[in-house]
Amino acid sequence: IISLQLKRLSSISTITSTKMGSSTAASGPSSLKLVGLVAAWYAGNTFYNIYNKKATNMIHAHWFVAAAQLVVGVVWSMIMWGTGMRKTPNLTASDIAACVPIGLFACLAHAGSVLAMGVGAVSFAQIVKACEPAFAAVIGLLLPPIDVKPMLAYAMLIPIVGGVGLACVKEGKGVDINVTAFAWASMANMAAALKGKVGGSVTKSLKGDKSKNMDSANVYAVMNIISFLFNVPMVVIAEMDTLQVEWDKATAEHGAQALIINIALSGFFFYIYNEFAFAFTANVGAVTSSVLNTAKRVIIIVVSSIVFVEPMERNTVIGSAIAIGGTFAYSLASKVKPAAKKKKA
């Protein structure tokens, strides 16, 4: 499976990088190419969530799983650069220093998602992660440069938060929240919002300088490496004392081969879905990407509920639909440009 996907990724990534750098880019990407990128993005994300949940169900060392997943991307990047299939980034020390905060927040966003899905249902984690626009809106108002959205966008935060709240209400039980999963997913949301805030100008600058060889694929590759470097100390701090015990317990119950395969495949699909998502965004822009990212959550919730037999009560279905619909509307409303003021005669 991995070898077939690697070949496919290599060919599509090479085409993507070449097209982006060509002078004919002004004509825009073909519809077939965009469909292929979306299909690969959705498929990779869905399989990642499945194999990630299988891996975290097997071993209760979730920081370790998150770090191991990033290793797959690091190895892949080294192969691409070492073989010359992709240009090696040409970064200065100041460029790398500018990328460090982005890598830190990428680490926390990734680990938060892994830990949330490790201690709770995949569907619940995805519902909570639909609240990411609320975190982004707050961060946009608190950190310079201040980013004020249209009022309609802020209004859309009401159904997002309300929908997540409704999804947490169980019939006959009242509010029933997996607090640990909610906390980790919220950390992922906050980190993702901070990553977007501090990373936008940095990545735009790097991609704009052709001498640095930083197309969308290399931007993600560099962030993935920095993210891994931040993840390692967390494994040491949080799990090193119990890691060997948990590994022995997991291999005794499930077998070393099954454990390694699930971790490796989750890492592989995590890397490719992000790389394809980056490539798609580079071709169509953030608005279209945000809309499709919202639709992606629906697929993941449905598939994970079927694969892992996760119960979906009426309030959960209605609440998640409201939250995801609000996220969809927020993605559109937040990018609406204010009408130009008419000049006085």
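The values are calculated or read from the model by the stated rules, or taken from the named source; none is laboratory data. Everything numeric here is computed off the predicted structure, so don't read it as measured data. So basically every Cβ, Gly included, is an ideal-geometry build from the backbone, and we count neighbours across all protein chains shown. Note: areas computed on protein heavy atoms with side chains; ligands, DNA, RNA excluded. Shrake-Rupley method; radii C 1.70, N 1.55, O 1.52, S 1.80 Å.
Enumerate the amide H contacts of residue 169 below 5 Å, restricted to partners 5 or more residues apart or on another chain; note that Pro and chain-start residues carry no placed amide H.
Result for residue 169 returns 176.
Given a 1.4 Å probe, how much area per residue of the stretch 41-93 is accessible, in Å²?
So the stretch 41-93 comes to 39 Å² accessible per residue, rounded to a whole number.
Please report, ordered by residue number, every helix of the chain (full DSSP H runs) that is 27 Å or longer along its axis going by C-alpha atoms and whose mean Kyte-Doolittle hydropathy reaches 1.0.
Span-like helices in the chain: 62-82, 93-119, 256-284, 286-307.
Once you compute Rg and the Kirkwood Rh from C-alpha atoms, what is the Rg to Rh ratio for the stretch 106-234?
Radius of gyration over Kirkwood radius for the stretch 106-234 works out to 1.04.
If the limit is 30 Å between Cα atoms, which of 212/296; 195/249; 54/296; 210/296; 54/195 go over it?
Violating the 30 Å limit, Cα to Cα: 212/296; 195/249; 210/296.
Take the solvent-accessible surface of the protein heavy atoms, probe 1.4 Å, and return the percent of it on the stretch 122-178 that carbon and sulfur atoms account for.
C and S atoms contribute 72 percent here.
Which aspartates and glutamates does residue 197 reach when only Cα atoms under 19 Å apart count, and residues fewer than 8 places away in its own chain are ignored?
Residue 197 reaches 95, 132, 147.
Consider just the alpha-carbon atoms of the stretch 157-210 and return their Rg together with their Dmax, both in angstrom.
Just the Cα atoms of the stretch 157-210 yield Rg and Dmax of 17.5, 60 Å.
Can you give the FRET efficiency for residue 83 and residue 152, using 1/(1 + (r/R0)^6), R0 = 45 Å, r = Cβ-Cβ distance, to the nearest 0.05?
So, using R0 = 45 Å, E works out to roughly 0.40.
Tell me the accessible surface of residue 79 in square angstrom (1.4 angstrom probe, heavy atoms of protein chains only), to the nearest ten.
Rounded to the nearest 10, the figure is 80 Å².
In what sequence, largest accessible area first, do 64, 182, 270 appear using a 1.4 Å probe?
Heavy-atom accessible area, descending, gives 182, 64, 270.
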